[in-house]
Amino acid sequence: MRLPVLADRLWFRLQLDRLAGGRQAGYVIREDMLAHPDTVRSFRWIRWLLVAETVVGLAAIVVAVLLTRAGETVPWAVWFRATVVLLITLTLYVFAWRAQLGYYWAYQRLRLFSRIFPVVTLVVAAIPGLYPFWMVIEQIVFSLLMIGIGDVLTSDHMRATFPKPARHGTRGGRVSP
């Protein structure tokens, strides 16, 4: 059995969709929309952008380690931010995985975070003296990648692919097994 299938079964058994998705946990979009070439292409772009974010996050940690080994003092804010960015990115991978399986809640979370994180990141980066210049550049690159994810998620096709569920029940979508 393949790893994605095992991971999905474990996720389902632990009822993590219910925990993360709340009352919309069981709302899943139509299979034909998931298999649509534009949907597949969109999720491919999202995966590549998340990989790029992971590289940016790892690069920040590598730079901090190298600077520390060279005798420079790296502020705690840099270590904290670099660690948090990697953890956030891991969370976004999970949302992207569940959204790619058709879960509306995951699409919505990914879309929400792709809007919020760039704003928060840029506001924090603008605080004078909080981060060294190289970390400010890292935050700008992180924000641009997140904006790219948000752009893919808010395309006409993706918004049509993930229609908002009816207020009562899961009409319009299938309930996961």
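Laboratory data are not the source of any read-out in this text; all were calculated from the coordinates shown. The structure displayed is predicted, hence computed values, not measured ones. As a convention, Cβ positions derive from the backbone with ideal geometry for all residues, glycine included, and neighbour counts pool all protein chains shown.
Of the peptides 47-59, 28-40, the ranking by mean beta-carbon count within 10 Å, highest at the top, reads 47-59, 28-40.
Dipole magnitude for segment 24-79: about 100 debye, using +1 per Lys or Arg Cβ and -1 per Asp or Glu Cβ, origin at the Cα centre.
When Lys and Arg each count +1 and Asp and Glu each count -1, what net charge do the other residues less than 15 Å away from residue 84, Cβ to Cβ, add up to? Working shown, then result.
Values: positive: 81; negative: 53, 138.
In short, -1.
For the pair residue 155 and residue 119, label points projected 7 Å from Cα toward Cβ lie 2.5 nm apart.
Do any trypsin sites (Lys or Arg not before Pro) in segment 68-175 lie in a loop, going by DSSP, with at most 14 other beta-carbon atoms within 10 Å of their beta carbon, and if so which?
Values: sites: 69, 81, 98, 109, 111, 115, 159, 167, 171, 174; in loops: 167, 171.
Sites meeting the loop and neighbour criteria: 167, 171.
Could you calculate the FRET efficiency of residue 94 with residue 72 from 1/(1 + (r/R0)^6), where r is the beta carbon distance between them and R0 is 25 Å, rounded to 0.05?
Working: r = 35 Å, r/R0 = 1.39.
E between residue 94 and residue 72, to the nearest 0.05, is 0.10.
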